[in-house]
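This is the structure I have questions about; it appears just below.
The values are calculated or read from the model by the stated rules, or taken from the named source; none is laboratory data. Predicted model, so just to flag it, every value in this text is computed and none were measured. Here the Cβ is made from the backbone with ideal geometry for all residues, glycine too, and neighbour counts use every protein chain on show. With ligands, DNA and RNA removed, areas are computed over all heavy atoms of the protein, side chains included. Shrake-Rupley method; radii C 1.70, N 1.55, O 1.52, S 1.80 Å.
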Amino acid sequence: MSYNGKLFPQPAAGYTQSFWRTQPDPLDTHQTSPDLPSEADILIIGGGYVGASAAYRLLAENPQEPAPRVVLVEARELCSGATGRNGGHLRPDIYAATARFTERYGVEAAAEIVRFEISHMKVIEDLVRKEKIDCDLTFTRSYDMYFDEEELKKAKVFYEYLVDQGFDFMEDVKYMSRQETQETAHVRDAKGGFSFSAGHLWPYKLIAHLIRVAISHGLNLQTNTLVSEIGESRTAEGFWPVTTSRGVIHARKIILATNAFTGALVPEYSKAIIPCKGICTQIAAAPGAPHQELPGTYAIRYHPGAFIYQISRNDGSLIVGGASHLFKKDREQWYNNPDDSKLFTVAADHFDGYMQRTFLGWDDSKAEVKHVWTGVMGYSADSLPHVGNVPGKPGQFIAAGFNGHGMPVAFLSGKAVADMAQTSVAFEDTGLPRLFKTSEARLEPVFDDILG
Ligand SMILES: Cc1cc2nc3c(=O)[nH]c(=O)nc-3n(C[C@H](O)[C@H](O)[C@H](O)COP(=O)(O)OP(=O)(O)OC[C@H]3O[C@@H](n4cnc5c(N)ncnc54)[C@H](O)[C@@H]3O)c2cc1C
């Protein structure tokens, strides 16, 4: 479907099915009321990680009296965007993107982001325990493995710089020699790397559970409801008119949890957040075939820009994605492309034999790809998410542009915009890293980290 010439995230016929969505929750196509309500105090657009976090915060974690009328609209099924199609990797970025942010904004601002990302692990752990969420949450070490000598050298220089700064979070980061990468991480050809704490989980189950809790506290969920337009101005009563595929809803406040698809709905963001496609797989060894158990999660870095991420699930299978270097040359296939119905054949082929090529002890595993799917990420031009008040649109809030790295970022971002919408908390008091604040200036990006 298109509107004003922009593609909207309608499910294309036969769109790729992720492993995570093979067990649909009863809420997958839920509509709390047969008709779309005509009014909402707070309208959340988008039923992924941010939308679920915001709904949970508004109604379950920080309920107000009288309770606001909260409606969540989702274009497709619940959690059918990036959150339901990702790698499940809850892995803080400690020193990779941090180098870029340090160069641009100074090390203190960059370190705020590192701390924020690390804090997600404890926050998600506490949440899962409190709500008794069955989502396979597991904490482990993550092995960041460098195959390219020069890239490793550069990473080590920055790692040592952060250690010299005395940041407490660096105590958890361990440098690994080539021998250690083979003996501990069982990687065949890495030149060296680092390890640090990380986690993984079943994202769809987390989101469905949070939404179920929010519904029990009054959330009205409307799946299969595409928003096509937000009116230019508010009515005399202070409501934004929002046109959907199932009628118009008037909303006092709006939370845009639309990630990759934000620019299609709010054109002001169309240069700042670009929908970019990625690929992910589930791989498993043949039943009974010998293979080395892997101790943690991985980032396999072949050379700058060539990257694979990987988690070992508790059922013995692996979720492995990335390999964008194989399709990046063909820009139309991935850049500004919101169509998650088509695969990248060249990248999909890369995962056949990937385990055997990459890890020691997998030669006779007969490991093969069980599921392969694509998903759409919201890449931001400056590599930072946009969170806060939409410039010039009072009552509209955004948390989007997570750069394929939302798992340790999006939950607290959703909570922050919920607080901004519900209790008028200022961005500066949300605890978010200062660099995440959306602004008019950032809508005309000076960096192009996506193509540049
Ligand atoms: C293949 C892939 C692998 C990834 N792997 C990882 C990983 O391992 N670790 C990690 O940290 N991050 C990963 N990510 C990124 C991570 O999944 C995202 O950053 C995160 O899920 C973003 O959550 P969200 O709620 O902002 O977006 P989404 O989950 O995309 O939710 C946005 C929702 O808004 C809906 N929507 C959009 N426009 C409209 C509209 N007009 N009307 C109604 N609804 C609308 C969409 O249908 C969608 O469901 C990956 C992403 C992909 C695609």
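If you go through the range 301-325, how many residues are of a type in the set (S, T, N, Q), under 19 Å from residue 147 (Cα atoms) and in a strand (DSSP E or B)?
1
Taking the range 61-81 as the region of interest, how many residues are within 15 Å of residue 215 (Cβ to Cβ) and more than 16 Å from the ligand (Cβ to nearest atom)?
So the count comes out to 5.
So which of 148, 136, 164, 168 is surrounded by fewer than 20 Cβ atoms within 10 Å (Cβ to Cβ) and in contact with a helix residue (DSSP H, G or I) (Cβ under 8 Å, 6 or more places away or on another chain)?
Working: 148 fails: in contact with a helix residue (DSSP H, G or I) (Cβ under 8 Å, 6 or more places away or on another chain); 164 fails: in contact with a helix residue (DSSP H, G or I) (Cβ under 8 Å, 6 or more places away or on another chain); 168 fails: in contact with a helix residue (DSSP H, G or I) (Cβ under 8 Å, 6 or more places away or on another chain).
Step by step, each of 148, 136, 164, 168 is checked, and only 136 is surrounded by fewer than 20 Cβ atoms within 10 Å (Cβ to Cβ) and in contact with a helix residue (DSSP H, G or I) (Cβ under 8 Å, 6 or more places away or on another chain).
For the range 336-360, how many residues meet the condition of being surrounded by fewer than 16 Cβ atoms within 10 Å (Cβ to Cβ) and among the β-branched types (Val, Ile, Thr)?
Summing the residues that are surrounded by fewer than 16 Cβ atoms within 10 Å (Cβ to Cβ) and among the β-branched types (Val, Ile, Thr) in the range 336-360 gives 2.
Among strands (runs of 3 or more DSSP E) lying entirely in the range 141-233, which contain 2 or more residues that are not assigned by TED's automatic domain parsing to the domain that holds residue 23?
Those strands (runs of 3 or more DSSP E) span 174-176, 192-200.
Go through the range 182-202 and report how many residues are within 19 Å of residue 304 (Cβ to Cβ) and within 28 Å of the chain's Cα centre (by Cα).
Residues that pass the stated criteria total 5.
For the range 375-387, name all the residues that are within 11 Å of the ligand (Cβ to nearest atom) and of a type in the set (A, V, I, L, M).
376, 377, 387
Also, quick follow-up: Could you give every pair whose Cβ atoms fall below 7 Å, whose first residue belongs to the range 418-438 and is part of a helix (DSSP H, G or I), and whose second residue is acidic (Asp, Glu), counting only separations of at least 6 or pairs across chains?
Close Cβ pairs satisfying both conditions: 434/112.
Quickly run through the range 33-68 and pick out the residues that are small (Gly, Ala, Ser), open to solvent by 10 Å² or more (accessible area, probe 1.4 Å) and part of a helix (DSSP H, G or I).
Across the range 33-68, the qualifying residue is only 60.
Being open to solvent by 20 Å² or more (accessible area, probe 1.4 Å), over 22 Å from residue 387 (Cα atoms) and hydrophobic (A, V, I, L, M, F, W, C) is the requirement here; does residue 97 meet it?
no
For residue 57, indicate whether it is more than 26 Å from residue 121 (Cβ to Cβ), modelled with pLDDT of 95 or more and basic (Lys, Arg).
On the way: more than 26 Å from residue 121 (Cβ to Cβ): no; modelled with pLDDT of 95 or more: yes; basic (Lys, Arg): yes.
No, not satisfied.
Okay, residues lined up against (1) outside the structural domain of residue 56 (by TED's automatic domain parsing); (2) within 16 Å of the ligand (Cβ to nearest atom); (3) open to solvent by 10 Å² or more (accessible area, probe 1.4 Å); (4) within 23 Å of the chain's Cα centre (by Cα):
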| residue | (1), (2), (3), (4) |
| --- | --- |
| 362 | yes, no, no, no |
| 365 | yes, no, no, no |
| 389 | no, no, yes, yes |
| 396 | no, yes, no, yes |
| 403 | no, yes, yes, yes |
| 425 | no, no, yes, no |
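Any idea how many residues of the range 231-261 are within 13 Å of residue 46 (Cβ to Cβ) and in contact with a helix residue (DSSP H, G or I) (Cβ under 7 Å, 6 or more places away or on another chain)?
6
May I ask you to list the residues in the range 89-104 that are under 19 Å from residue 445 (Cα atoms) and hydrophobic (A, V, I, L, M, F, W, C)?
97, 101
Conditions first: (1) crowded, with 21+ Cβ neighbours inside 10 Å; (2) in contact with an Asp or Glu (Cβ under 9 Å, 6 or more places away or on another chain); (3) within 25 Å of residue 411 (Cβ to Cβ). Residue 252 passes all but one, so which condition is the exception?
For residue 252, the failing item is (1).
Give the range 23-54 a look and list any residue that's of a type in the set (S, T, N, Q) and at pLDDT 95 or above, or say none. Walk me through how you get there before you give the answer.
Within the range 23-54, the subset of a type in the set (S, T, N, Q) is 23, 29, 31-33, 38, 53.
Correct list: 29, 31, 32, 33, 38, 53.
Inside the range 113-131, can you point out the residues that are within 22 Å of residue 164 (Cβ to Cβ) and open to solvent by 60 Å² or more (accessible area, probe 1.4 Å)?
Correct list: 115 only.
Output yes when any residue across the range 199-216 is farther than 28 Å from residue 118 by Cα and touching a strand residue (DSSP E or B) at 6+ places or on another chain (Cβ under 7 Å), and no when none is.
Checking the range 199-216: at least one residue is farther than 28 Å from residue 118 by Cα and touching a strand residue (DSSP E or B) at 6+ places or on another chain (Cβ under 7 Å).
With the structure loaded, tell me whether residue 55 is among the small types (Gly, Ala, Ser), within 15 Å of the ligand (Cβ to nearest atom) and in contact with a Pro (Cβ under 9 Å, 6 or more places away or on another chain) or whether it fails that test.
No, not satisfied.
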